[in-house]
Amino acid sequence: MTSSPIPDPLQMWREALTKLESNVNSLVTGGMDSQEVMHSVHQLSTVSLGLQHAFEKAVGSYLAKINLPSRKDVSELAAALARIEDKLDRLLPASAAAPVLPRPARTRRPPPEEAAAKPTGALAAARAAAAPAKRTAARTGRRS
């Protein structure tokens, strides 16, 4: 690997973090034998949990004031929806769960001619008879 004249900041960060972790691990390994250190770690974890609980409570009250759901509200809603969907799946008959035929696309363009159904019966005969009559009437009306 070639060395660049510009040092890589991410590589420097990785090296510093690795060195910090090794120093902390050696310090903790040696200090865990002491009763005072264990008592301090216990107090620190208690304070950390208390701060976390206070923060969650403050954020929850703030979200309630601005009328937004909290993460807990969203997860409860997702769980309720999952229960409702499960109940609906159990209530629907097996034939209703089968895939439905695809619906035509909702566009403004008419369907292609080969897919469009041709009119049949008396309606088709009436349209066919009216078409030549309209053409002849249009020709006779255009005298020069």
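Bear in mind that the values in this text are calculations on the coordinates, not laboratory data. Nothing here was measured: the structure is a model prediction, and the numbers come from that model. No Cβ is skipped: glycine too gets one built from the backbone with ideal geometry, and neighbour counts run over all protein chains shown.
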**Report entry** Positive-pole candidate from SER3, ASN25, PRO69, dipole of segment 1-76, charges at beta carbon
**Finding:** PRO69
Query raised in the report: Using θ = phi - 60° and the Karplus form 6.51 cos²θ - 1.76 cosθ + 1.60, what ³J(HN,Hα) does each residue of segment 11-23 get, whole Hz, x for Gly and Pro?
Result: 5, 4, 5, 4, 5, 5, 5, 4, 5, 4, 4, 5, 5
Report task. Quickly work out the LEU92-to-ASN23 label distance, labels modelled 7 Å from Cα along the C-beta direction, and quote it in nm with one decimal. Result -> 6.1 nm
**Report entry** Label point distance in nm, LEU44-ALA16, each placed 7 Å from Cα along Cα→Cβ
**Finding:** 2.1 nm
